[in-house]
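The values are calculated or read from the model by the stated rules, or taken from the named source; none is laboratory data. Just so it is clear, the model here is predicted, and its values are computed rather than measured. Cβ sites come from the backbone with ideal geometry, for glycine too, and all protein chains shown count toward neighbours.
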Amino acid sequence: MLGLLAGLILAVPLLLVGGYFWQAGLDLGSPPSSREWTRLCAKGHEDIYCKAAYQVVEREVSGPVVLLYPGVTGDRDLTASLIVWKGRYPNVKELDALVRANLFAASELRTGEMRSLDGQVRRVTCGLPDQQAACQVGHLRVIPSTVPRTPEDGAVYRLISSSGGPEFLLPAGSSR
């Protein structure tokens, strides 16, 4: 009996530590829905972009949504890019505006003109010659990160590269 109790006493801290390191928000390869992906991503400790995206999506979009996610190298690098963009840590209003510039009320990206949630018309080219799954949106090259089951699931596109600008689309009226 004493051995069982000692085993439990040792197991509980290990489970707590393991639970801390395993976060559903870090397993972003499996959710087919852009809403679920964004919700899980927002659980990350440092991803301020996902936290803002989750709030905007829940508050402003009732149907499918496409999110352009700039986090190529991770939460910390994305946060650093956001700080470079503003010259300081961005506030909630600035993050919301940035997210709206990188969100589309649609089920997927399609070649043509698409309007981001902030009202800007974006030129989109999909099925690029060198990478058929990729799309060019402004200066960003993105690739699908989720595999939606239905059009209502929306989609998340991850940044592959950025030519001549930041790793995200800038909000309307933003020069920096």
Please go through segment 80-138 and give me each residue that is farther than 15 Å from Val61 by Cα, β-branched (Val, Ile, Thr) and not in a loop (DSSP other than H, G, I, E, B), ordered by number.
Ile83, Val84, Val92, Val121, Val124, Thr125, Val137
Pick out the one residue from Arg88, Arg59, Arg110 that is at pLDDT 90 or above, closer than 18 Å to Tyr157 by Cα and not aliphatic (A, V, I, L, M).
Arg110
Is it the case that segment 24-34 has a residue that's among the hydroxyl-bearing types (Ser, Thr, Tyr), under 21 Å from Lys93 (Cβ atoms), at pLDDT 90 or above and within 11 Å of the chain's Cα centre (by Cα)?
no
Condition first: touching a residue at least 40 places away in the same chain (Cβ under 8 Å) and within 14 Å of the chain's Cα centre (by Cα). Now tell me which residues in segment 98-119 satisfy that.
Leu98, Val99, Arg100, Ala101, Asn102, Leu103
If you go through segment 119-132 one residue at a time, do you hit one that is in contact with a helix residue (DSSP H, G or I) (Cβ under 8 Å, 6 or more places away or on another chain) and surrounded by fewer than 18 Cβ atoms within 10 Å (Cβ to Cβ)?
yes
